[in-house]
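Report on the structure given below.
Nothing in this text is a laboratory measurement; each read-out follows from the coordinates by a stated rule. These numbers come from a predicted model, not from an experiment. Heads up, the Cβs are rebuilt from the backbone with ideal geometry, glycines too, and the neighbour counts pull from every protein chain shown.
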Amino acid sequence: MSKNIARLAVTAGLTAALSFGGVMAPVTMAFAAGTPVATTSGNVTINEETYKDTTFKGIQIFKAKVAQDQKSEGVWDSTGDKTLSDIDWANNSVKSAVTTAFDNVDNGSKPSDLPNDNSAQAWVNFINNHSSEVVGNNVNAGSVLDMIAKSLEGQTWTDAKSGTPGTFEGIDAGYWLFETKSVGATTGADRNKDAYTSPIFAVVGGEDVKVEPKKDVPNVTKAVKDDNNGSFVTDGNKDVFGAPNRVADSASDQLIEYQLAGTVASNINTYEKYSYTFTDDLPSTMVPNLSDGKPVVEVKIDNAKVKEGYYTANYVTDQGKNELVVSFDNLKGEIKSDKDRDITVSGSSKIYVNYKAKLNPTKVNADILGKGQKNTVALTYSNNPHSNETGTTVVHPAYDYTYGIDVTKVGNEETPRKLSGVVFKLQEKNDEGELENMFIDCTGVKQTNAEKAKLTTDSSGKINVVGLDEGTYVLTEVTPAPGYDNSHGDKGITFTITSGELSENDTTVVTPKAKVTDGDNQTLVKVENSTDGMVHLTVTDKKGSNLPLTGLNGVTFTWIAGGAVLVIGVAHLIRSRKQAEESEQE
């Protein structure tokens with residue numbers, strides 16, 4: 001009697017409680033307890049809870065009588081092994097496929113113990129000898145069981161019972177292989193596609209076989225670093241998969257950090273080649289940080305930074321796209337760290353992509369203020385160990401918000417006059433409360449030259465600045481309107497913009513709030529928080545003062561007397577010229 005085939009007959013998700021039984025030569029066997037009952041057929045149920053539309057197929061490799069102990073009539077002893085007798089090939093086609101599975105393998109890679117004959121018993125023993133190639137109930141890529149599973153792909157398989165995804169009733173007893181026939185997807189607009197299970201090898205007969213597919217569909221998430229706490233997570237006790245920070249706000253041209261994070265299939269050892277691609281879809285208002293046209297990224301596998309050249313990173317803008325694409329042709333291939341050390345990817349590995357992006361100042365306008373700029377990622381990955389087929393995850397979003405200010409300059413008349421031509425400068429304070437030596441222009445971009453960033457009120461007395469982040473700002477009047485004083489002097493008006501709670505929804509408008517915290521004549525500043533993503537400020541200037549005039553009557557008299565002298569002089573000049581003309585005529 002050969003060893004227990006349970007140690008080699010791998011099943012995806014097969015529980016430890018299920019034993020496949022022993023493969024034995026047709027000899028008499030004594031049972032320790034219970035009554036052995038031989039069966040010639042059996043039932044199998046493959047249960048996929050999440051992807052209800054995924055279907056399965058099966059193919060018999062060896063036919064046999066399968067015996068198992070019963071505790072009582074009709075009640076199987078699940079702690080007992082199943083044993084097989086009268087073993088033979090299922091049919092000649094399967095026999096030919098399996099026994100020639102290694103014909104095209106290089107001699108150096110062929111198992112040294114390949115059977116010398118094609119008898120079923122010889123191949124049972126051969127399979128049994130390679131039970132150590134099974135890792136965590138997964139069939140290693142290139143192993144004996146993997147090669148056998150591949151060799152059977154072109155054979156005629158048995159489908160699950162009609163109307164069920166993975167129920168097989170009354171199928172012939174023996175040694176079977178089950179695989180995924182077709183993969184389903186989750187419901188919703190962005191459908192997550194299932195992955196194929198590792199090959200499921202099982203002994204059919206005796207107690208019903210109930211298994212769950214052995215595979216984890218890769219997952220992806222996306223986070224943005226909030227500059228308020230400098231973190232990608234909302235809960236410091238969790239990782240980016242458990243508590244990703246999905247919302248932040250920024251100014252125009254301000255680089256903000258994003259992180260893409262993905263898992264791999266738990267049965268990645270089943271794959272010879274495992275492709276893996278992040279596709280990050282940026283909104284039209286944003287661009288990634290580029291160097292010579294290529295996105296600047298940091299790629300990590302677990303804690304090791306991947307050396308450039310072992311992945312590709314591209315910025316795709318053709319056909320209306322605005323995508324950052326980072327991909328591995330093969331995660332199972334050679335991958336080096338930036339320290340030139342080998343990186344090995346296992347079923348528990350995590351893949352990370354860190355990059356920066358910013359709001360494009362030319363695309364920032366009043367229409368996007370307070371509205372989340374939706375930025376999504378999806379992961380495409382190998383999902384079939386025996387083909388180049390791929391699956392794609394549900395997309396995961398992150399949102400970026402920006403705001404603006406609307407300033408109206410008026411006089412202090414009873415009916416305030418809108419003051420045009422008033423020049424302002426706008427600056428931000430840093431985290432230490434110090435005023436930056438940078439000047440913000442009307443698109444929210446910081447300039448080193450104040451002249452390039454001067455803000456001048458139009459005929460309606462308005463200036464508009466878009467693309468502002470949360471923060472504290474100082475608005476300083478540089479040139480007042482003629483006839484009006486600068487009511488706030490060199491100190492300017494200090495105000496703080498806060499966003500409140502950001503929304504994970506690109507249709508909800510976030511209303512920023514502002515508070516004037518410093519400045520002279522604060523009563524001359526009116527703040528209005530509106531639902532258009534802007535803070536509205538009305539700033540009043542007082543009319544210039546009239547200096548007192550003395551000796552007004554004397555001054556008036558002097559003007560009158562001077563005018564009289566001028567009139568008399570002009571009349572005398574005219575009369576003199578007339579007398580001269582008359583003398584010449586005589």
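Observations, loosely collected:
- Region 416-492: GluC sites (Glu not before Pro) in DSSP loop, at most 11 other beta carbons within 10 Å: Glu432, Glu434
- Full extension of the chain between Glu432 and Asp117 gives 105.2 nm of extra length, using 0.36 nm per residue less the Cα-Cα distance.
- Per-residue Cβ neighbour rank within 10 angstrom, fewest leading, Thr100, Thr45: Thr100, Thr45
- Extension gain (nm, one decimal) between Lys294 and Lys418, 0.36 nm per residue minus Cα-Cα: 39.8 nm
- Extending 7 Å from Cα along the Cβ direction at Glu389 and again at Thr511 yields two label points whose distance is 5.2 nm.
- Nearest-0.05 FRET efficiency for Thr362 and Thr448, computed from C-beta distance (R0 22 Å): 0.65
- Amide H contacts of Met438 (H built 1.01 Å from N, in plane; Pro and chain starts excluded): Glu428 sit under 5 Å, all sequence-distant by 5 or more or on other chains.
- Per-residue Cβ neighbour counts within 10 Å put His130, His488, His396 in the sequence His130, His396, His488, beginning with the fewest.
- Among Phe126, Phe232, Phe495, the ranking by other beta carbons within 10 Å of each residue's beta carbon, starting with the fewest, stands as Phe126, Phe495, Phe232.
- Cα centroid separation, region 375-419 to region 88-159: 53 Å.
- Taken along the Cα-to-beta-carbon direction at a fixed 7 Å, the label points for Asn107 and Lys238 span 5.9 nm.
- Two-site FRET efficiency, Asp172 against Asp53, from Cβ-Cβ distance with R₀ of 30 Å, rounded to 0.05: 0.65
- P(r), alpha carbons of the chain - 10 Å bins starting at zero, rounded %: 3, 13, 17, 14, 12, 10, 8, 7, 5, 4, 2, 1, 1, 1, 1, 0, 0, 0
- The H on the amide N of Asn192, modeled in the peptide plane, is under 5 Å from the matching H of Thr186, Val394, each at least 5 residues off or on a different chain.
- Across region 461-474, rounded Karplus estimates of 3J(HN,Hα) from the backbone phi angles (6.51 cos²θ - 1.76 cosθ + 1.60, θ = phi - 60°) give x, 10, 10, 10, 10, 10, x, 9, 8, 4, x, 10, 10, 10 Hz, Gly and Pro being marked x.
- 22 Å Cα-Cα threshold exceeded, pairs from Lys305/Lys332; Lys52/Lys350; Lys454/Lys491; Lys305/Lys363: Lys52/Lys350; Lys305/Lys363
- Share antiparallel - DSSP beta bridges, the chain, percent rounded to 5: 90 percent
- With the helix formula -39500 (n - 2.57) applied to DSSP H stretches of n ≥ 4, the chain reaches a computed 222 nm mean residue ellipticity of -3500 deg cm²/dmol.
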